[in-house]
Amino acid sequence: MEVALVYNMKKEESDVSEDGGDPSSQHITDVSTQIREKAVGADTYAEWDTAETVYAVRDALALRHSITMIEADHDAFEKLRALTPDIVFNIAEGQNGVSREAQIPAMLEMLGIPYTGSDALTLAICLDKSRAKEILSYHKIPTAKFSVIDSLSDLSSFQAAFPCMVKPLNEGSSKGIFDASLVYSQNDLRKQVEKVLSTYDEPVIVEEFLPGREFTVAMIGNGSTAEVLPIVEILFDSLPKGVNPIYSFEAKWIWDQASSPLDIFKCPAKLDPALQTSIADLCKKAYRVLRCRDWSRIDVRLDKNGIPNIIEINPLPGILPKVEDNSCFPKAARAAGMSYDEMLNRVLDEACKRHRLAI
């Protein structure tokens, strides 16, 4: 089968982690300040894949198919139109605009080319945290209470229940979510809102903080046969002392390095049967309601009463190839007995079945 791999490749920023591998020897406030100063610029390409990941995906798919690589840039449309592959394996995050993840799927739909993963509408909705949460709320799926802040003037009439989380509205890969994003006062709220507005030039979502355990749930498949892979728990007690219990940009990209990985994940998570069923059922419902296809990763956190809530839906999940990279979707797949190569070809197979293409 002729498969086009469409991707965005990260611009490597070697200086982002040069002093962030082990913060234990420095005062945590100083380290966090240094990290934020570097990461605000470096997180521009946080959503994109590394060259190592892109080539690992290529090599996995090439075990069974003929692969053509197409970067998701301004020339992508013409290249796809000329190539007309049997199917596209889409991992492109896009670069510009709040619908950037939807751009390649929209092009492919115009050209009539099948592709893996969720459609343009689902990708656009899931990147806009408020729109996704509105749909979840309509369907009575638990998610943290939230408000959208468009400008600092909105705070004059805003009543926050502290602590609360402050995030950019339209970002993934923990962009704009730092240790300081969990705020405990009106003054800190204003500072963080102002920082997000000025840095990312987009609205801010302020969410009720959920104080319970956090999990991430990988799913593969479609319809009634969509499969929940072994659940991953995020262990916040593995983070440096003095930081907040959130999976921040620092935790994901700075403190957790392949050369010195944090012992931050437990997979399969240690869960009693009732809670495991509750989380799985919640994710299946969210997957169905938001019309995810082929694969997604869903972030879940328990509220103060121990009830699972959806944090975010990630229809283009991170797929770093190395075990030591602590990438959650591959980690869950390995726990389910799949190798990295098998995981990616399983996703392609699911898309081929959905498109009624011969595998």
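The values are calculated or read from the model by the stated rules, or taken from the named source; none is laboratory data. Being a predicted model, the structure only gives us computed values, none of them experimental. Here the Cβ positions follow ideal geometry from the backbone for every residue, glycine too, while neighbour counts run over all protein chains shown.
For the stretch 60-71, the tally of residues that are among the small types (Gly, Ala, Ser), in a helix (DSSP H, G or I) and in contact (Cβ under 8 Å) with a residue 12 or more places away in the chain stands at 1. For the stretch 322-335, does any single residue satisfy the condition of being surrounded by fewer than 15 Cβ atoms within 10 Å (Cβ to Cβ), more than 15 Å from the chain's Cα centre (by Cα) and either farther than 30 Å from Val3 by Cα or not assigned by TED's automatic domain parsing to the domain that holds Ala102 (or both)? For the stretch 322-335, residues surrounded by fewer than 15 Cβ atoms within 10 Å (Cβ to Cβ), more than 15 Å from the chain's Cα centre (by Cα) and either farther than 30 Å from Val3 by Cα or not assigned by TED's automatic domain parsing to the domain that holds Ala102 (or both): absent.
Residues of the stretch 72-96 that are under 24 Å from Ser296 (Cα atoms) and in a loop (DSSP other than H, G, I, E, B): Ala72, Asp73, Pro85, Asp86, Ile91, Ala92, Glu93, Gly94, Gln95, Asn96.
The sole residue among Ala102, Ala92, Ala106, Ala72 that is under 26 Å from Tyr200 (Cα atoms), surrounded by fewer than 19 Cβ atoms within 10 Å (Cβ to Cβ) and not charged (D, E, K, R) is Ala106. All of Trp253, Trp295 fail the test of being on the phi < 0 side of the Ramachandran plot, in the same structural domain as Glu324 (by TED's automatic domain parsing) and not in a helix (DSSP H, G or I), apart from Trp295. When Arg190 is tested against (1) on the phi > 0 side of the Ramachandran plot; (2) touching a Leu at 6+ places or on another chain (Cβ under 8 Å); (3) of a type in the set (D, E, K, R), exactly one condition is not met: (1). If you go through the stretch 136-171 and keep only what is among the aromatic types (Phe, Trp, Tyr) and in contact (Cβ under 8 Å) with a residue 12 or more places away in the chain, you end up with Phe146, Phe158, Phe162.
Considering the stretch 213-226, the residues that are within 20 Å of the chain's Cα centre (by Cα) and either without any contact (Cβ under 8 Å) to a residue 60 or more places away in the chain or not in a strand (DSSP E or B) (or both) include one that is nearest to Arg291 (Cα to Cα), namely Asn222.
The residues of the stretch 180-196 that are over 17 Å from Ile311 (Cβ atoms) and touching a residue at least 24 places away in the same chain (Cβ under 8 Å), listed by number, are Ala180, Gln186, Leu189, Arg190, Gln192, Val193, Glu194, Val196. Scanning the stretch 49-68 for residues that are exposed (fewer than 14 other Cβ atoms within 10 Å of the Cβ) and in contact with a strand residue (DSSP E or B) (Cβ under 7 Å, 6 or more places away or on another chain) gives Ala51, Ser66.
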